[in-house]
Amino acid sequence: MSLGFSIKEGIKGFGRARMATFVTITSVVLALIMIGLFILLAINIDRWVGEKRKHLEVEVFLEPGFTEAQAQKIVQKLKELPGVRTVRYISQEEAARRFKKEFGRDVQEVLGTNPLPPSCILRLQPAYQNAESIKRLSRIVRTWDGVSDVVYGQELLKVIDRYVTLIYLIIGGLGLVLLIVATVLVHNAIRLIIYARHETIEIMKLVGATRAFIRRPFLVEGILYGAIGGAIADVVIWILMGVMKNWVYADIIQNWQTYAIVLALGILIGFISSELSVNKYLNKLI
Amino acid sequence: MIEFYNVSLNIDGKAILKNVSFRLFKGEFAYIVGPSGAGKSTILRLIYMDTFPDQGMVIVNNYSSAKIRAHEIPYLRRELGVVFQDFKLLPDRTVYENVAFALRATGVKAKEIRHRVVRVLNEVNVAQQRSKLPEQISGGERQRVAIARAIINNPFIVLADEPTGNLDAQNSREIMEIFERINRKGTAILMATHDQLLIDQYPHRVIKIEEGRIVSQ
């Protein structure tokens, strides 16, 4: 059967009810813009969190007066712990240099002695860059002889672990709601279109058109709603991102995949909603 | 080729057909007559399987109402043509497109469509009106277009439900002449009507139905 005929019929149908078409596409565009922005927000939060976790350091302080040889033993033990990516040893002298760099004062001159203890700075593998893993690691290391304290950004980690998941869930939930709303809107539009063309469908049935043939123009129409809505939403998001980069925050990232997802979601919404409406109508008839 | 075996049908608790049995043979012309609501249109609907009997069985060529599957119904309908009192033409398509639509919907190639549509429009004398919309032509011409659409797939039978009901006497006669011509070429005609004058002018077998029962045939 001619696919060309179905596509032509779908496009014709698309132009028939202009007001309904305009309202439906506008709703789809608005929903997809929100979804696109949510995706970009999630990507940016994810990058920010990733950066924070990547630069997360755990500092293991050793007893002052520890010899280099004793310290190296600790370094070796730390390297053998699961999840530890790198270990850097900071001697008392280096600690004093870092202090001077950071605060502009020589600790030796101020206090007449160097009270800063030697330490080891650990960087962890990505899977271990969370509060729970670090807490476990810190509990183990604290029991070792010669270790006086273990310090890391507990508060930041707690915030990240607790709120970021919540933010993702909220974004995902809102995105899902918007997807459903957009699908219902297109579904209703197609239902009205089908109702307006029930005579055509009746005649198609009468002359022996198959169910697939009757459905196809409506599917084309639904997909067109979604694709045009998706394309317009992409353009609007692109403009909005440009404005935000120039006026709000230059480091905002975006990627082509987001635009592809918005377009694909538009097409999917159009397809699913028209498929639902046509099937519902045809099931009543045949 | 069309057989009704003890067909009964209820709609919304009301008995529309009661134990109806008859046969229609190849190339036959028959009328179904009876008052409004007697069940004439329902018999036609049962033949093109728009509805199914509660009891009994309808056989149309090789298809049985008891065994046919939903996906087979379109193929049954391609073997028959249906004409209605209200023409059922698509108002936004030309005469040519209305007839071509029946072929497009069944997947016939574009080249063949043109050839067949022109031939059939000539056959029912509306070729001159092919570029006009249904609202731009007369009732008689609309019914000719509907007949053209019904016969374009070379059906073995044309089912006509009060085809002259909306036409004046002159147009009714012209439409009947077309049905006669189609029948002479070997296509069976089963026409639901209550126009006794036409039946007298074009006599054929009459299946009389009253309150859902066949009272004579």
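Miscellaneous remarks
- Excluding same-chain neighbours fewer than eight residues apart, the lysines reachable from B:K14 by a Cα-Cα span under 17 Å are B:K40.
- Helical contribution to [θ] at 222 nm, DSSP H n ≥ 4, -39,500 (n - 2.57), averaged over chain A, rounded to 500: -24500 deg cm²/dmol
- Cα shape, segment B:102-163, gyration tensor, a/c 1.5 rule: oblate
- Between amide H atoms placed 1.01 Å from N, distances below 5 Å from B:V83 occur with B:L159, B:A160, B:D161, all of them 5 or more places distant or on a separate chain.
- Counting other Cβ atoms within 10 Å as a rough exposure proxy, the listed residues B:S138, A:S133, B:S216 run B:S216, B:S138, A:S133 from fewest neighbours to most.
- Links that overshoot a 25 Å alpha carbon limit, given the list A:K52/A:K245; B:K26/B:K132; A:K77/A:K135; A:K77/A:K101: B:K26/B:K132; A:K77/A:K101
- Prolate/oblate/rounded label for segment B:60-217 (Cα gyration tensor, a/c 1.5): oblate
- Global form of segment B:167-217, assessed from the alpha-carbon gyration tensor, a/c cut-off 1.5: oblate
- Our helix-only sum for chain B, with -39,500 (n - 2.57) per DSSP H run of n ≥ 4 divided by its residues, gives a mean residue ellipticity at 222 nm of -10000 deg cm²/dmol.
- Built amide H within the under 5 Å cut-off of B:G56, gap 5+: B:S8
- Of the GluC sites (Glu not before Pro) in segment A:54-114, those whose Cβ has at most 11 other Cβ within 10 Å and which sit in DSSP loop: A:E80
- Karplus-based coupling profile of segment A:152-167, in residue order and whole Hz: 7, x, 4, 5, 4, 4, 4, 4, 4, 5, 7, 8, 5, 4, 5, 4, with θ = phi - 60° in 6.51 cos²θ - 1.76 cosθ + 1.60 and x standing for Gly or Pro.
- Whole-percent pair-distance distribution, where bins are 10 Å wide, for the alpha carbons of segment A:75-203: 10, 23, 19, 14, 9, 8, 7, 6, 3, 1, 0
- Note on A:I90, B:I137: ascending count of other Cβ atoms within 10 Å places them as B:I137, A:I90, the fewest first.
- Cα-based values for the protein assembly as shown, radius of gyration first and Dmax second, are 39.5, 132 Å.
- Neighbour cut-off at most 13 other Cβ (10 Å), DSSP loop, chymotrypsin sites (Phe, Trp or Tyr not before Pro), segment B:1-109: B:F25
- For A:T24, B:T193, A:T67, the sequence from fewest to most other C-beta atoms within 10 Å is A:T67, B:T193, A:T24.
- 3J(HN,Hα) from dihedral phi, segment B:52-67, Karplus parametrisation 6.51/-1.76/1.60, rounded to Hz, x for glycine, proline: 10, x, 7, 9, x, 8, 10, 10, 10, 6, 9, 9, 10, 4, 7, 10
- Put simply, the convex hull of the Cα atoms in segment A:7-82 casts, on average, a shadow of 10.0 nm².
- Projected-area mean, segment B:10-69, by convex hull of Cα positions, square nanometres: 4.7
- Here the Karplus relation 6.51 cos²θ - 1.76 cosθ + 1.60, evaluated at θ = phi - 60°, turns the backbone of segment A:96-111 into coupling constants of 5, 5, 5, 4, 5, 5, 7, 10, x, 10, 8, 4, 5, 5, 5, 9 Hz, with x for every Gly and Pro.
FYI, it's all coordinate maths here, none of it is from the lab. If you're wondering where the values come from, they're calculated on a predicted model, not measured in any experiment. Methodologically, a virtual Cβ is constructed for each residue, glycine included, from the backbone with ideal geometry; neighbour enumeration extends over all protein chains shown.
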